[in-house]
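Student: Once you've had a glance at the structure underneath, I'll fire off some questions.
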Amino acid sequence: MIKILARLFIKDYTNYSNEQVRSQYGILCGSFGIFLNILLFALKFIFGTLAASVAMVADAFNNLSDAASSVVQILGFKLSSKKPDPDHPFGHGRIEYISGLVVSFLILYMGTVLLKDSVLSIIHPEAMNISVLSIVVMGISIFVKLYMYLYNHLTAKKINSVAMEVVAKDSLNDVISTSVVIAALIGSRYTSLPLDGIGGVVVGIFIIKTGFEAAKDTIAPLLGSAPSAELVAQIEEELMKHKPIVGMHDLIIHDYGPGRMMISLHAEVPGNMNIFSLHDVIDIAENDIAMRFNCHVVIHMDPVDTENKRLAELKQVLSEEVPKINPELKFHDVRMVPGDTHTNLIFDVVKPYSCMLTDEKLKMVIHEAVHSRCPDVYCAITVDQPFVK
């Protein structure tokens, strides 16, 4: 159904990286979610009241909160698509993350309310009026929610939306919670135990757990999470297509919302080439990376000595010794200053979180490892933070 609606209402509906297309998908999926959730609320509330089922009525109000979540989703996509302005030069994309965070808070609230009502239901159980029609309504709800999970999840992947993935998780939540309610309704016919309340407690705990996970997923990009290894590899792959660039380091990625990245990096180029030719290569690389990843790019040009055999030998020593200290250690910007009595080897090293050595201790260990093999070499090391690739 979503595919059909997308073809009807979204122009260029397969261009998922386009900001306007992303926004329209968010609004479309949110609107359809409101319709389905209100329908499910009405059905569950009517039959839950008739059956005197706390879990079923609570599940109905959970669907009503899901409709509110869809409203938040629509507002999030609508506001995040606003154009940049003097106060927000990179746009308003992070509002989408904030909307996902609001949805996660709604999930937590509904889980807490359900947990409280279910505990009261166990303490003060009431007789339940169960009908086949009630079971049928809950079964229909499972299929509808499973469909909502699938279209939200698949669309979230296509348009790279954390907020929509939170809504998808909430729908999957409902599939599990409604299954528990059905089990409680059926089981209550064969036992006097308050299965309705017990089922509600299980569902409430599960919803709260999902709410915390959803909040974590949306808070991470707001705080500034590290780029994925896959994205770093893709950026490096695109950069290295532009000869004579020979290396990359100091990659920093600022995420201002989906499709609103700011990338800066250092590109290593042969130091013996014409600077104007190299500058042209850098300009082309900036443009190609910006086009591929739909982002802003700034590349700093670092000249390196590619013909010095002694420097090449010392780089090889570093490549052998540094990983022995920590496999995740990386080095870059290697330069050499020869003298009459010794050679200074100057370079940066990226210290990963897994390295427990202090910066000074790390410098000393690396220097000793290199000096033991090359007694005339003294290392001048700058330690970079791990967010610098």
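Student: What FRET efficiency comes out for the pair Thr306/Ile205, r = Cβ-Cβ distance, R0 = 41 Å, nearest 0.05?
Tutor: 0.10
Student: Determine by what factor the alpha-carbon radius of gyration of region 221-335 differs from 2.2 N^0.38 Å, reporting the quotient.
Tutor: 1.17
Student: Can you work out the accessible area per residue across the chain, with the rest of the protein chains kept in place, probe 1.4 Å, in square angstrom?
Tutor: 51
Student: What is the sum of charges around Ala6, taking Lys and Arg as +1, Asp and Glu as -1, for the other residues whose C-beta is under 11 Å from the C-beta of Ala6?
Tutor: Once all neighbours under 11 Å are counted, the net charge is +3.
Student: Of the DSSP beta bridges with both residues in the chain, give the percent that are antiparallel, rounding to the nearest 5.
Tutor: 45
Student: On each of the three principal axes of the Cα atoms of region 116-252, give max minus min coordinate, whole Å, ordered largest first.
Tutor: Between the extreme Cα coordinates on each principal axis of region 116-252 lie 78, 27, 19 Å.
Student: Leaving out ligands, DNA and RNA, and with a 1.4 Å probe, what % of the accessible surface on region 261-389 is carbon or sulfur?
Tutor: Solvent-exposed carbon and sulfur of region 261-389 make up 56 percent of the total.
Student: Based on the inverse mean of 1/r over its pairs of different Cα atoms, what is the Kirkwood hydrodynamic radius of region 203-284, in Å?
Tutor: By the Kirkwood definition, the hydrodynamic radius is 15.6 Å.
Student: Given a 1.4 Å probe and every protein chain left where it sits, what share in percent of the accessible area of region 1-124 is carbon and sulfur?
Tutor: The value for region 1-124 is 72 percent carbon and sulfur by accessible area.
Student: Let me ask you something else. Sequence gap at least 6, Cα distance under 8 Å: using those rules, report the relative contact order of region 109-241 to the nearest whole percent.
Tutor: Worked out over region 109-241, it gives 36 percent.
Student: Multiply the residue separation of Val246 and Ser31 by 0.36 nm, subtract the distance between their alpha-carbon atoms, and state the gained length in nm to one decimal.
Tutor: Between Val246 and Ser31, full extension yields an extra 72.4 nm.
Student: Give me the Kirkwood hydrodynamic radius of the chain in Å, from all C-alpha pairs, to one decimal place?
Tutor: Taking every pair of different Cα atoms in the chain, averaging 1/r and inverting gives 24.8 Å.
Student: Follow-up question, since we're still on this one. Under 8 Å for C-alpha pairs, at least 6 residues apart: give me the relative contact order for region 276-371, rounded to a whole percent.
Tutor: Relative contact order for region 276-371 comes out at 20 percent.
Student: Find how much the distance from Gln316 to Asp87 grows on full extension, using 0.36 nm per residue of separation minus their present alpha carbon separation; answer in nm with one decimal.
Tutor: 77.6 nm
Student: Okay, moving on. Please give the net charge around Leu223, taking every other residue with its beta carbon less than 14 angstrom from that of Leu223, where Lys and Arg add +1 and Asp and Glu add -1.
Tutor: For residues surrounding Leu223, the net value is 0.
Student: Over region 218-356, what relative contact order in percent results from Cα pairs under 8 Å that are six or more residues apart?
Tutor: Worked out over region 218-356, it gives 17 percent.
Student: Continuing with the same structure: Please give me the summed charge of the neighbours of Met336: other residues whose Cβ is under 9 Å from its Cβ, Lys and Arg +1, Asp and Glu -1.
Tutor: +1
Student: What are the equivalent ellipsoid semi-axes of region 348-389, built from the alpha-carbon gyration tensor (square roots of five times its eigenvalues), in whole angstrom, biggest first?
Tutor: Largest first, region 348-389 gives 21, 11, 7 Å.
Student: Can you give the Rg to Rh ratio for region 1-135, taking only C-alpha atoms and Rh from Kirkwood?
Tutor: Ratio of gyration radius to Kirkwood radius: 1.13.
Student: Just order 289-299, 318-328 by mean Cβ neighbour count inside 10 Å, highest at the front, would you?
Tutor: Result, highest mean first: 289-299, 318-328.
Student: Could you grab the Rg to Rh ratio for region 287-389? Cα atoms only, Kirkwood for Rh.
Tutor: The Rg/Rh ratio comes out at 1.04.
Student: Between Val113 and His279, what length comes free when the chain is fully extended (0.36 nm per residue of separation minus the Cα-Cα distance, one decimal in nm)?
Tutor: Result for the pair: 53.6 nm of gain on full extension.
The values are calculated or read from the model by the stated rules, or taken from the named source; none is laboratory data. All values reported here derive from a predicted model rather than from experimental measurement. FYI the Cβ positions are ideal-geometry reconstructions off the backbone, even for glycines, and counts take in every protein chain you see. Only protein heavy atoms, including side chains, enter the accessible area calculation; ligands, DNA and RNA are left aside. Shrake-Rupley method; radii C 1.70, N 1.55, O 1.52, S 1.80 Å.
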